[in-house]
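Undergrad: What follows is a structure written as structure tokens; I'll ask about it next.
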Amino acid sequence: EIDSGDSSQDATPLVPQGLEEISAEDFEEPCATLGTSGGTAAFYCLRYRQERAPQGVPVDFFIGKDLAHASDELEFYAKLQSAAKNSQPWTAFAQMAMSCPGVSRLQCINPKNQERSHRLILLLENLRQGFNQMRLLDIKLGAETSVACWKGKSRLNAWKNQLVDQRTNSVQEGFRLEGIEGPPKSLEDRIHAVMEAKGLAATAKYISPKVIKRFTLQRLRSAELLEFWLDVSHLGVGSEQHAQHAAVATFQRLRNLLMAVMNLEVPQQWIGSSVALAAEVGSFSSEPKVLVKVFDWGRAELNTQEDFQRLQAAERESRSYYWRQYLRALGRLYWELGRVVLHRCCSNSWSVLVFELRAMSPAVVRAALLGELGATSSVTISMGLFQMDPKGGAGEVSLPLLNQDGLAGSLRMHVQAPSQGVGTCRVQIYETQTNSQVEALTGMIV
């Protein structure tokens, strides 16, 4: 949902030192609204006019954000520009943040009534630029994503955010998935299964599907969200090579971000900010385009060494407390992606293919009310092994399907293994010997 109503230009903050007001003549007008996955600020599609784009800058390099909802970000970007000119650590960090040259007063279209009005727009780097089809993870960093009485956050809203923190992956790994653009079919099927699960139908009138979807994403562990992010099976043959190259390239860029953050001179208090992991998923490439950027500075404060020394002792302690959370979250994400790279990309060959059939109970309402005490339960229904012959070849694996009465059938699969354990391994389910659907065997999602 976005707020696209007119904002009073008289109340708009002045452009701070470090940023500039860019002439509206550089851009095509009027600017149409850009769809977003959440938030209250309106975003607009920007394009440079012919021959007005700076040399080497694509015409669609920037998007616009309504400054009526981005005044705090304006201050952050202004200080970042100034700090980057005087400090090498801040220069390195600025390269990992979204570019922001300044603001521009542009004619924009209100999507509610199609009326046009001039608005002061914050120019931000367009993360979609250069992608044919982008898949992007919006990962919110920090075990605590709100602080009462900080940057305009009320105690009530901070308490509400704390309830979300305590019931999502924020409390487990220090970060959570807030949104995803271009999700794979496997994730869409997972969300659909949660929506259709037994027990949720009765609560549909109390909890909207949008809330259930978002809560499902927020509760994904890093191993799960990274697996969904790297799922490019729709590309067919070569998809695993594409996924592995994307994982390695992202791992290297995430390392650059982590080093840039760790080299900053003093602790920062960046509450609720995010890191974006993006990869090309539209077509196969041996070097897919990837991107790692930090963004969302609405409740962030940039401290130089001089700023930090002027703070009171209690304020410095607060900055240090939340800075440790930020570093732990970013470090944990880096480690989890490194684990994926190690186990998925660094094996010379495979000797055994292991099948594990698991079932999960969504427990959305119980988890929302009770937190981790009512977490989603998951059980292993059956397991099977396929021993790969060094010469390659084909074979079958049969997974027994059990219910409360015992054996209910089997799930049979045909496996085609590559020679020397290197290459594409093809698996096809060709027969299910059971009189009931798999989902009905345990009453849970499979």
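The values are calculated or read from the model by the stated rules, or taken from the named source; none is laboratory data. Note that the structure is predicted; figures quoted are calculated from it, not measured. Counting neighbours? That spans all protein chains shown, and the Cβs are built from the backbone with ideal geometry, glycine included. Keep in mind that these areas ignore ligands, DNA and RNA; they rest on the heavy atoms of the full protein, side chains included. Shrake-Rupley method; radii C 1.70, N 1.55, O 1.52, S 1.80 Å.
Undergrad: What accessible area per residue, rounded to a whole number of Å², is obtained for segment 41-82 using a probe radius of 1.4 Å?
TA: 47
Undergrad: Report the rotationally averaged projected area of segment 110-190 based on its alpha-carbon convex hull, in square nanometres.
TA: Dividing the Cα hull surface by four gives the mean projection, 9.2 nm².
Undergrad: Hey, rough spin-label estimate for Glu25 and Glu188, points 7 angstrom out along Cα→Cβ, what's it come to in nanometres?
TA: Simple spin-label model gives 4.6 nm for this pair.
Undergrad: If you rank Asp405, Asp189, Asp138 by how much accessible surface each has, with a 1.4 Å probe, what is the order from largest down?
TA: Ranking Asp405, Asp189, Asp138 by accessible area, largest first, yields Asp405, Asp189, Asp138.
Undergrad: Provide the gained length on full extension for the span Lys213 to Ser99, in nm with one decimal, where the gain is 0.36 nm per separating residue minus the Cα-Cα distance.
TA: 38.0 nm
Undergrad: Also: For Trp350 and Leu407 in one chain, what is 0.36 nm times their gap in residues minus the Cα-Cα distance, to one decimal in nm?
TA: Gain in length upon complete extension: 17.4 nm.
Undergrad: Quickly work out the Asn113-to-Arg339 label distance, labels modelled 7 Å from Cα along the C-beta direction, and quote it in nm with one decimal.
TA: It is 5.3 nm.
Undergrad: Moving on to the next point. Pairs of alpha-carbon atoms within less than 8 angstrom and 6+ residues apart define the contacts here; what relative contact order does segment 100-256 have, in percent?
TA: Relative CO of segment 100-256 lands at 18 percent.
Undergrad: Would you kindly give the portion of the calculated P(r) for segment 189-318 that falls above 26 Å, as a percent of all Cα pairs?
TA: Roughly 48 percent, rounded to a whole number.
Undergrad: Taking the Cβ of Leu258 as the center, what net charge do the other residues with Cβ under 13 Å away carry, scoring Lys and Arg +1 and Asp and Glu -1?
TA: Within the 13 Å Cβ shell, the charges total +3.
Undergrad: Sticking with this structure for a sec: For segment 33-173, rounded, prolate or oblate, judged on the Cα gyration tensor with a ≥ b ≥ c (square roots of eigenvalues), a/c < 1.5 rounded, else prolate if a/b > b/c?
TA: prolate
Undergrad: Okay, moving on. Given a Förster distance of 56 angstrom, what is the FRET efficiency for Ser382 paired with Ser285, based on the Cβ-Cβ distance and rounded to 0.05?
TA: 0.90
Undergrad: If you don't mind, another one. Can you give the direction-averaged projected area of the convex hull of the alpha-carbon atoms in segment 160-262, in nm²?
TA: With the hull built on Cα positions only, its mean projection is 8.5 nm².
Undergrad: Here is a further query. Looking at segment 174-277, which GluC sites (Glu not before Pro) are DSSP coil and have at most 16 other C-beta atoms within 10 Å of their C-beta?
TA: Loop-located and lightly packed - Glu196, Glu265.
Undergrad: Then there's this: Given charges of +1 on the Cβ of Lys and Arg and -1 on the Cβ of Asp and Glu, with all other atoms neutral, how large is the dipole of segment 248-325 about its Cα centre, in debye to the nearest 20?
TA: Dipole about the Cα centre, nearest 20: 160 debye.
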